[in-house]
Amino acid sequence: MTTGDWKTIFVTGGAGYIGSHCIVELLESGYNVVAIDNFTNSVIEEDGKSAALKRVEKITGKKVTFHNCDLLDKERLEEVFSKQKIDCVIHFAAIKAVGESMQIPLHYYRNNMIGAINLLEVMKAAGCFQLVFSSSCVVYGEPKSLPITEDHPTGNITNVYGRTKYFIEEMLNDITAAEKNWNIISLRYFNPVGAHPSGLIGEDPTKKYTNLMPYISQVAMGFKPELSIFGGDYPTKDGTGIRDYIHVVDLATGHVAALSALYRKHLRLRVYNLGTGKGVSVLELVRTFEKVTGASVPYVIKNRREGDISAMYADTRLAEEELGWKAKLTVEQMCRDFWRWQSTNPHGYRSSVKNGNSEK
Ligand code: UDP
């Protein structure tokens, strides 16, 4: 990978789960990072700094320039953006709880859509047209074929959160068709799990979890009595749902590869899947977690969760061919690293914080 003469990367949502892991890889690849976050979904310490980013600095021995800034506050965004020359932006900031997005859709549309529009307008005004967008495999809706390739139709999405990702991708399509300056990669993540192997950063376990691995881990810690497995009658190898789990560190290196690709070539807009290409069932994940951690995860099979699909996994060839990137870490490593983070930080970043606001 090369940083070329790109020096400074602007990261929105830098204090979040994926943002913080990505910043570690950016710093270790030689970039400077300017990060913003509004702490809707991450922890701020008493000194006004981000708990996660302090740990990032500890891991890398490098400094992160950080601003407490909400993308909905366009004036403030303009102010922090114009403080230095930005070579490329990585846009992670979004609210992402699927269930909640159905209850308060307007809030999700305002936050995710207007946030993205403000960011694009501020970038354009500053003459910065390079962007990596954090998208999701949710844009594919119900898969018509597996593994899913990037040319699979998008749309037909069953939840509001997913629709915000889809609408932003559509917006990027229109913008890049109309204005040739833009150079954008949209990365469609499959199921990011795991944590940095240092155990210092990870997905904050103080949130109300609905995702599978954090839930498994909470059960293994004894914080929850059992895991509910949503559906045991899917047409899959063991009847439980299949997903493509990807280690968050692999996901982060995918962003570094995307920056390199944008630097090398003017792409207008390209989309890539970031997954491993391997489908893993809920039961397989539970068993692997138990095996590598030695903890026990009692479960009960319940009814299917509304809107869930039976199986989803990526075709990863395009990212391999064009970005020179491939996920390397195994499901065992995903479980081991997640467990190291969870067991040494049972209350996440809050252990060291008095007035954290990691809950919404
Ligand atoms: N799942 C489950 N119990 C839970 C949470 C998730 O059985 O408490 C299943 C879910 O039905 C799906 C898989 O685990 O088959 C991954 O779910 P998650 O919410 O993590 O990701 P997504 O459905 O968005 O891919």
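How far is helix 160-178 tilted off the main Cα axis of the chain, in degrees rounded to 10, range 0 to 90? That works out to roughly 30 degrees. Take the Cα of D308, step 7 Å toward its Cβ, do the same at K144, and the gap between the two points is 2.6 nm.
Across every pair of different alpha-carbon atoms, what Kirkwood hydrodynamic radius in Å does the range 1-121 reach?
The answer is 14.8 Å.
A simple spin-label model places pseudo-atoms 7 Å from Cα toward Cβ; at F223 and E290 they are separated by 2.1 nm.
Of all the accessible heavy-atom surface of the chain, with the other protein chains kept in place and a 1.4 Å probe, what percent is carbon and sulfur?
On the way: 7510 of 15250 Å².
For the chain, the apolar C and S fraction of the accessible surface comes to 49 percent.
Calculated mean residue ellipticity, 222 nm, the chain: -10500 deg cm²/dmol, from DSSP H runs (n ≥ 4) at -39500 (n - 2.57) each, averaged per residue and rounded to 500. Taking square-rooted eigenvalues a ≥ b ≥ c of the alpha carbon gyration tensor, is the range 125-283 rounded, prolate or oblate, where a/c under 1.5 means rounded and, failing that, a/b exceeding b/c means prolate? Prolate, since a/c reaches 1.5 and a/b exceeds b/c.
Going highest first, how would you order 50-58, 100-108, 210-218, 254-262 by mean Cβ packing within 10 Å? Could you put the intermediate results ahead of the total?
Values: 50-58: 22.4, 100-108: 15.4, 210-218: 20.2, 254-262: 24.1.
The most tightly packed comes first, giving 254-262, 50-58, 210-218, 100-108.
If packing is taken as the average count of other Cβ atoms within 10 Å, what order do 267-279, 173-185 fall into, highest mean first? Don't skip to the end; give the middle numbers.
Details: 267-279: 21.5, 173-185: 16.0.
Highest-to-lowest ranking by the protection proxy: 267-279, 173-185.
Farthest towards the positive end of the charge dipole of the chain, among the residues H266, G99, P346, is the Cα of P346, using unit charges on the Cβ of Lys, Arg, Asp and Glu.
Once the convex hull of all Cα atoms in the chain is built, its volume per residue stands at 127 Å³. Return one number: the angle in degrees, 0 to 90 and rounded to the nearest 10, between the long axis of the Cα atoms of helix 115-126 and the longest principal axis of the Cα atoms of the chain. Computed tilt is about 30 degrees. Cross-link pairs exceeding 26 Å between alpha carbons, from the set K96/K291; K83/K326; K7/K165; K49/K124; K144/K237: K96/K291; K83/K326; K7/K165; K49/K124.
Using the Cα centre of the chain as the reference point, and only Cβ charges (+1 on K/R, -1 on D/E), how large is the resulting charge dipole? Debye, rounded to the nearest 20.
Numbers: 42 positive and 41 negative charges, 86 e Å.
Dipole of the chain, to the nearest 20 debye: 420 debye.
Between A177, F133, I229, the Cα set farthest toward the positive side of the dipole of the chain (charges on each charged residue's Cβ, about the Cα centre) is that of I229.
Sorting the segments 119-127, 335-343 by their mean number of nearby beta carbons within 10 angstrom, highest to lowest, gives 335-343, 119-127. Overall, the range 215-337 carries a charge dipole of about 320 debye about its Cα centre when +1 sits on the Cβ of Lys and Arg and -1 on the Cβ of Asp and Glu, all other atoms neutral. Within the range 1-66, antiparallel bridges make up roughly 10 percent of the DSSP beta bridges whose residues both belong there.
The range 280-296 and the range 139-195 have Cα centres separated by 30 Å. Relative to the longest principal axis of the Cα atoms of the chain, helix 51-60 runs at roughly 80 degrees.
The values are calculated or read from the model by the stated rules, or taken from the named source; none is laboratory data. Just so it is clear, the structure is predicted and the values come from calculations on it, not from any experiment. For neighbour counting, all protein chains shown are included, and Cβ atoms are generated from backbone atoms with ideal geometry for every residue, glycine included. Note: accessible area is taken over every heavy atom of the protein model, side chains too, but ligands, DNA and RNA are not part of it. Shrake-Rupley method; radii C 1.70, N 1.55, O 1.52, S 1.80 Å.
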